[in-house]
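The values are calculated or read from the model by the stated rules, or taken from the named source; none is laboratory data. Owing to the predicted nature of the structure, the values given are computational and were not obtained by experimental measurement. Positions of Cβ are generated from backbone atoms using ideal geometry, with glycine treated the same way; all protein chains shown enter the neighbour counts.
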Amino acid sequence: MRYIPIFLFLAMLVVPVSAATEVPADPPSVLWIMLDDGRADALGSYGRSWALTPHMDRIASAGIRFESAIVQNPVCIPSRTSMKASLYAHETGVMAMGKPAQPRGLYRKKVLPHYPSLLKLWKKAGIQPENVGKLHAFSQDWLQHGDPPADLDSHGKPTKHLRLEWRDRLLSRVLTKTHEWMIGGLLDIPASELRTSRLGDRAVKRLRQLTATNQPFFLRVSFHAPHVACHISPSHYVDPNRIDLPLPTAAELIKKPHYERENIHIYGGAPDLTTEQIQLARGTYYGMIRLVDDQVGKLLRVLEESNRLSDTIIVINSDQGFQLGEHGVWKKRDFYDSNVLVPFIMSASGRLPAGKVVQKPVEMVDFLPTLLELSGFDPPDNIRGRSLLPLIRGEMQQWRPACFSEHDYSEDAYDELRKDGGRRVMVRTQEWKLVFFMDQRIQHQDRSLYNLRRDPDEQDNLAGDPAYASTLEKLEKMAHRWDRGS
């Protein structure tokens, strides 16, 4: 049977994850920096010359960078839940994942409290995980230090907090067609007044307090950038003439799956954008990351000034990426690498090698088990994620044959995605990617297949080519084995 009975599943999950875990005598401190909708190539260390992130690149050069870190769902709440529970999205219960779904996106209303959060292991050790900024999933496990008010709503209108001051400060704005999300724009105000900077100032204040105690701490700084409404000050705007990302051609789009050409395109498409608007949106996106990097630099200075840099593990990651017009789509909710690949960097002096790049694809369910072992804990055995330390040390030549991501569009928040939508699954190896409906409610699989070595931009869908039938069958079998937990 495909699904574990719910009472049995919950019984397994409510077993304390720390039951068989020893508390380390001298755990290190943790500074976790999290982006919101941050794609991997938003950081310069991932190879884009126009990504201006010297501070985060410095952290990468001092530690480990994972070239292909894959989220388990391309939407915030399910992704963050999987990350913190170290379980796949179809195991957390946050979304229906192929079962009959509730209407109008039930998953967005409440994350059920029964699922284990690996953060509890730090609490058992007497280290309270603290958060500045966005929470999303397992909020009860954090000591929250507040979140500065937003500058603009998702459509680019000034919020009540700053309406009087900013009413006439909006220099430009780019909106998507269907939902009118602001995907780019400039504000004529100092970058230091934007929400990202105000959040950074709040995090710096708390980090100074924590480092002054000489006790181990766990602080996550969770930015809202570069999430919509996408906006930046001119001082941090990245020259779009430097940004070289592909745009779709008619030959590419005609081979895309039907659901993508219709439903996803309606949701996140912007076919009416001019070249100037596309450039403005892209320059804004990378400019927002540039401003986040400024805040990371301030946090690093606090660690250096307090002599705590050497005993602090620094992590950088994100919940999912963001489409910037590639394949004719903006925002998220699809399975292109620009959406499912996120930055994943870990630096720990004396605990991890410096400047190493892990090429094998990894999953974000592996993040917290890795952090646990690196901090001296034994990761629990009732999770799906695995510590990456053996892979980092070169002790394992064989790793997962594939990585997975999934989303149930039937339970999404948007009408155009729920229509004809269901559970869609991605299987990704280093060479191949398959995306298809794996849902008994959907009569067709509507597949896409890409050879990532020959076609890294995922423009040539090979799913309909008989020459690749055996490859497609092999990847589908991987997906079904993964779904069964084997």
Among residues of segment 176-217 being among the charged types (D, E, K, R) and in a loop (DSSP other than H, G, I, E, B), the residue surrounded by the most Cβ atoms within 10 Å (Cβ to Cβ) is K177
Select the helices (runs of 4 or more DSSP H) contained entirely in segment 28-95, then report the ones holding at least 2 residues which are of a type in the set (V, I, T). 76-85
Note: among L245, L280, just one is part of a loop (DSSP other than H, G, I, E, B) and surrounded by 11 or more Cβ atoms within 10 Å (Cβ to Cβ), namely L245
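Residues checked against (1) modelled with pLDDT of 95 or more; (2) over 18 Å from S79 (Cβ atoms):
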| residue | (1), (2) |
| --- | --- |
| E395 | no, yes |
| Q398 | no, yes |
| D412 | no, no |
| E416 | yes, yes |
| K419 | no, yes |
| R424 | yes, no |
| T429 | yes, yes |
| L434 | yes, yes |
| F437 | yes, yes |
Inside segment 439-452, can you point out the residues that are more than 19 Å from L462 (Cβ to Cβ) and buried (at least 18 other Cβ atoms within 10 Å of the Cβ)? D439, I442
Selection from segment 404-435 of residues that are of a type in the set (K, R), assigned to a strand (DSSP E or B), over 16 Å from V94 (Cβ atoms) and more than 18 Å from the chain's Cα centre (by Cα): K433
Search result, residues across segment 373-389 that are touching a helix residue (DSSP H, G or I) at 6+ places or on another chain (Cβ under 6 Å) and among the hydrophobic types (A, V, I, L, M, F, W, C): F377, L388, L389
Every pair of residues 6+ apart whose Cβ atoms lie under 9 Å, when the first sits in segment 240-267 and is under 24 Å from Y286 (Cα atoms) while the second is surrounded by fewer than 17 Cβ atoms within 10 Å (Cβ to Cβ) and of a type in the set (D, E): P240/E276; L245/D457; P246/D457
Give the residues of segment 49-75 that are closer than 24 Å to M426 by Cβ and surrounded by fewer than 20 Cβ atoms within 10 Å (Cβ to Cβ), sorted by residue number. E67
Counting only residues that are free of Cβ contacts under 8 Å to residues at least 60 places away in the same chain and hydrophobic (A, V, I, L, M, F, W, C), which one in segment 396-438 is surrounded by the fewest Cβ atoms within 10 Å (Cβ to Cβ)? M396
Residue check, P369 against (1) crowded, with 20+ Cβ neighbours inside 10 Å; (2) modelled with pLDDT of 95 or more; (3) over 18 Å from G63 (Cα atoms), all met but one. Which one? (3)
Can you tell me which residues in segment 254-277 are at pLDDT 95 or above, acidic (D, E) and closer than 13 Å to G325 by Cβ? E276
By residue number, the members of segment 218-241 that are outside any loop (DSSP other than H, G, I, E, B) and either over 21 Å from V174 (Cβ atoms) or out of contact with any helix residue (DSSP H, G or I) (no Cβ under 7 Å at 6 or more places or on another chain) (or both) are F218, L219, R220, V221, S222, P234, N241
Residue check: is V17 in contact with a Leu (Cβ under 8 Å, 6 or more places away or on another chain), at pLDDT below 50 and of a type in the set (V, I, T)? yes
For the condition in contact with an Asp or Glu (Cβ under 9 Å, 6 or more places away or on another chain), under 23 Å from Y336 (Cβ atoms) and surrounded by 15 or more Cβ atoms within 10 Å (Cβ to Cβ), what is the one hit in H231, H224? H224
